[in-house]
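The values are calculated or read from the model by the stated rules, or taken from the named source; none is laboratory data. This structure is a prediction, so every number in the text was calculated from the model and none was measured. For neighbour counting, all protein chains shown are included, and Cβ atoms are generated from backbone atoms with ideal geometry for every residue, glycine included. Calculation scope for accessible area: heavy atoms of the full protein, side chains included, ligands and nucleic acids excluded. Shrake-Rupley method; radii C 1.70, N 1.55, O 1.52, S 1.80 Å.
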Amino acid sequence: NSNNVLVKDVILQGGATWSSVIRRSENITVENMKVVGSRLRNDDGLNPVNSRNIRIRNCFIRTDDDCLAFKGKDSGSFDVEKIEVEKCILWCDRARIFLLGHESAAAHMRDITFKDIDIVHFGMTPFLIEPGEEMEIENIRFENIRLNGEGQEELIRLKPTINQYMKNKVPGHIDGVVFKNISLTGKSGPYGIQFVGADINHRVKNVTIDGLTICGRKVDENYS
């Protein structure tokens with residue numbers, strides 16, 4: 001329930017649960033925050049929850065759990081929107097780099113940009129968008145992102161879903177996701193990409209890939 005807050009030059013070490021939570025707040029800037037985690041599971045790096053007008057920049061985040069997990073835990077509160085993450089270094093030992101959804105009670109998650117980011121290591125799918133509860137996830141942009149790969153199974157998953165965190169057991173919607181200038185280098189591997197609608201009413205629409213390379217190979221209509 002905060003407004004107009006600057007969090008700057010902070011080091012958070014060895015957390016046992018979510019390291020930093022922005023909840024029901026707006027006009028927040030997080031700058032040069034260092035999360036030195038991976039001591040225990042469930043140590044998310046930074047969680048904007050039902051918040052808007054957030055800027056995250058020049059941060060280093062190392063976690064066991066998700067580095068950046070955006071959530072809409074509360075219905076009837078703010079949507080999760082107008083968020084920009086830039087010039088960060090991210091390192092996840094076990095889970096995801098970017099997680100949008102999973103806790104999806106908010107109506108919308110939209111107008112979110114991730115740009116100029118270096119990913120040192122990831123465990124599970126680094127780009128994961130899985131809305132439920134009829135949440136609309138829209139206008140999401142990933143740009144100028146560099147990953148170090150070690151042969152992981154999956155790179156991108158866009159998939160409306162139902163999970164144990166959802167009260168309303170229906171999938172969500174995904175409309176308008178851009179991947180621009182994304183490069184993965186390192187060891188060869190499957191690095192799967194899947195865009196999967198749940199049904200005719202809960203779909204993945206308007207996805208753009210513009211300059212995605214995996215171990216030097218361009219991902220286009222001929223990629224498999």
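Proximity of backbone amide H atoms, modeled 1.01 Å from N, is registered between residue 94 and 123 at under 5 Å, excluding neighbours fewer than 5 places apart on the same chain. For the pair residue 8 and residue 222, a Förster radius of 41 Å applied to the C-beta separation gives a FRET efficiency near 0.35, rounded to the nearest 0.05.
For the chain, the solvent-accessible area with a 1.4 angstrom probe is 44 square angstrom per residue.
Here, segment 1-115 has an Rg and a Dmax of 12.9, 35 Å when only alpha carbons are counted. The spacing between segment 1-48 and segment 76-142, judged by their C-alpha centroids, is 15 Å.
Is the shape of the chain rounded, prolate or oblate, going by the alpha carbon gyration tensor and its root eigenvalues a ≥ b ≥ c, with a/c under 1.5 for rounded and a/b larger than b/c for prolate? Verdict is oblate for the chain.
Using C-alpha pairs under 8 Å with a sequence gap of at least 6, the mean separation divided by the residue count of segment 78-174 gives a relative contact order of 31 percent. Model label sites at residue 150 and residue 213, defined 7 Å from Cα along the beta-carbon direction, differ in position by 2.4 nm. For segment 142-224, the Kirkwood hydrodynamic radius comes to 14.1 Å, computed from all pairs of different C-alpha atoms. Note on the chain: with charges restricted to the Cβ of Lys and Arg (+1) and Asp and Glu (-1), its dipole about the Cα centre is near 300 debye.
When the Cα atoms of segment 53-159 are aligned to their principal axes, the ranges along those axes come out at 40, 27, 21 Å in descending order.
At an R0 of 35 angstrom, the distance between the Cβ atoms of residue 167 and residue 187 translates into a FRET efficiency of 0.30.
Shape class of segment 1-57 from the alpha-carbon gyration tensor: oblate, with a/c at 1.5 or above and b/c at least as large as a/b. For segment 46-99, calculate the relative contact order in percent as a whole number, restricting contacts to Cα pairs under 8 Å that are 6 or more residues apart. About 49 percent, as a whole number. Within the chain, DSSP assigns beta bridges of which about 5% are antiparallel (rounded to the nearest 5). Of the accessible area of the chain, computed with a 1.4 Å probe over protein heavy atoms only, carbon and sulfur atoms account for 44 percent. When you restrict to C-alpha pairs under 8 Å that are six or more residues apart and normalise by the size of the chain, the relative contact order lands at 13 percent.
The calculated FRET efficiency for residue 89 paired with residue 180, based on their beta-carbon distance and R0 = 22 Å, is about 0.65.
In this structure, the residue pairs whose Cα-Cα separation is over 21 Å, taken from 71/169; 71/187; 71/159; 71/180; 34/73, are 71/187; 71/180; 34/73. Here the Karplus curve 6.51 cos²θ - 1.76 cosθ + 1.60, taken at θ = phi - 60°, turns the phi angles of segment 198-213 into couplings of 7, 6, 5, 9, 10, 10, 10, 10, 6, 9, 10, 10, 9, x, 10, 10 Hz, with x standing for Gly and Pro.
Taking amide H atoms as placed 1.01 Å from N in the peptide plane, the amide H of residue 205 lies under 5 Å from those of 174, 175, 176, each 5 or more residues away in sequence or on another chain. The solvent-accessible area of residue 195, taken with every protein chain present and a 1.4 Å probe, is close to 90 Å².
Can you tell me how segment 102-150 classifies by the Cα gyration tensor, rounded, prolate or oblate, using a/c under 1.5 as the rounded cut? Taking the square roots of the gyration eigenvalues as a ≥ b ≥ c, segment 102-150 is oblate.
Per-residue SASA remark: residue 55, around 90 Å² accessible (1.4 Å probe; ligands, DNA and RNA not included).
For residue 111, the solvent-accessible surface with a 1.4 Å probe is about 60 Å², rounded to the nearest 10.
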